[in-house]
Structure formats: C-alpha cells, structure tokens
1. Thr26 fails exactly one of the following numbered conditions: (1) β-branched (Val, Ile, Thr); (2) in a loop (DSSP other than H, G, I, E, B); (3) surrounded by 19 or more Cβ atoms within 10 Å (Cβ to Cβ). What is the number of that condition?
2. Given the structure, is Ile79 touching a Cys at 6+ places or on another chain (Cβ under 6 Å) and outside any loop (DSSP other than H, G, I, E, B)?
3. Of everything in the range 4-19, what is under 16 Å from Thr53 (Cα atoms) and either modelled with pLDDT under 95 or outside any helix (DSSP H, G or I) (or both)? Give them in sequence order.
4. Take the residues in the range 38-64 that are among the acidic types (Asp, Glu) and under 14 Å from the mean Cα position of the chain (by Cα); name whichever of them is least open to solvent (accessible area, probe 1.4 Å).
5. Taking Val67 as the residue in question, decide whether it is closer than 19 Å to Ser96 by Cα, hydrophobic (A, V, I, L, M, F, W, C) and buried (at least 17 other Cβ atoms within 10 Å of the Cβ).
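The values are calculated or read from the model by the stated rules, or taken from the named source; none is laboratory data. Treat the numbers as computed from the prediction; the structure is a model and nothing was measured. Cβ placement follows ideal geometry from the backbone for every residue including glycine, while neighbour counts extend to all protein chains displayed. Please note that ligands, DNA and RNA were not included when accessible areas were found on the heavy atoms of the full protein model with its side chains. Shrake-Rupley method; radii C 1.70, N 1.55, O 1.52, S 1.80 Å.
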Amino acid sequence: LTKSKRIVLIGAGRLATCLGQALKQTPSNEISVVSRSEESASVLGKKLNCAYTSNFSEMPKDADTYVISITDAAVAQVIQHLPDLGQALVVHTAGSLPMSLLLRMAWKFRWITTTSELLEYLKDLKAG
C-alpha cells in the first residue's frame, strides 16, 4: 500500500507546473498550489485538478512536503510569509541562491534541500 503524500507547490510557473504534473502521476499524492497571483494559482490548480490559493495564510499547514518553485528574486520575500511548518520537508529550486538564505528560516522547517536532492526525492515518491 502506497502512503499518500501531501505536497504543496509554492509557485505556479513553468517549473512548478512540470513538477506538479510529475507528482500527479502518483495517484496517492495530494497536491495543493499556492501562488502570489490568484490567476496563476487558478490556472495550475485547475490543470492539476487540485486545491489552490493566492493567500499564504490559507495554504495547508500539515503537508509532508513544500516545494518552493518561484523566481530567485522572490524567494526571500515569500519565505517570510511561510508559517511554522513543523516537521515538513521544504525544498527550493532556486539555483542561484545560497542555502544561507533559507537557513535563516530553518527553525520553521525540518529539512531544507537543493534541486539535486529534490530529483532523488521525486524519484522515491514516484516509486511509491
């Protein structure tokens, strides 16, 4: 029996769309989308047939994984709006930002990782 994973995509651009489509291939994954724009949240939410919002206070706070997939310039602003996520896995896809940016917020997360580790994690999710 495959354990259901609750995954929140923070961002609704091209990379978040590709990740969402890949994650949705595992039927037990429950995906949600949070975007700063209601329109982009709606477009991706409907494409993935999942819950979506543009209000960070309404984002699920009990997910297993949060994938921050936004422009590098927006990461610092967006992570300040994240609530305490307890033991959740938080991943960012920003290739040009130092880990120290997210480490300043590490008290909110269980684990912070990079894109290469995300790919390994996604492979594990797909395997079930």
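1. Every listed condition holds for Thr26 apart from (3).
2. So Ile79 does not fit the description; no.
3. Going residue by residue through the range 4-19, those that are under 16 Å from Thr53 (Cα atoms) are 6-13, 16-17.
Arg6, Ile7, Val8, Leu9, Ile10, Gly11, Ala12, Gly13, listed by residue number.
4. Checking each candidate, the answer is Asp64.
5. Answer is yes for this residue.
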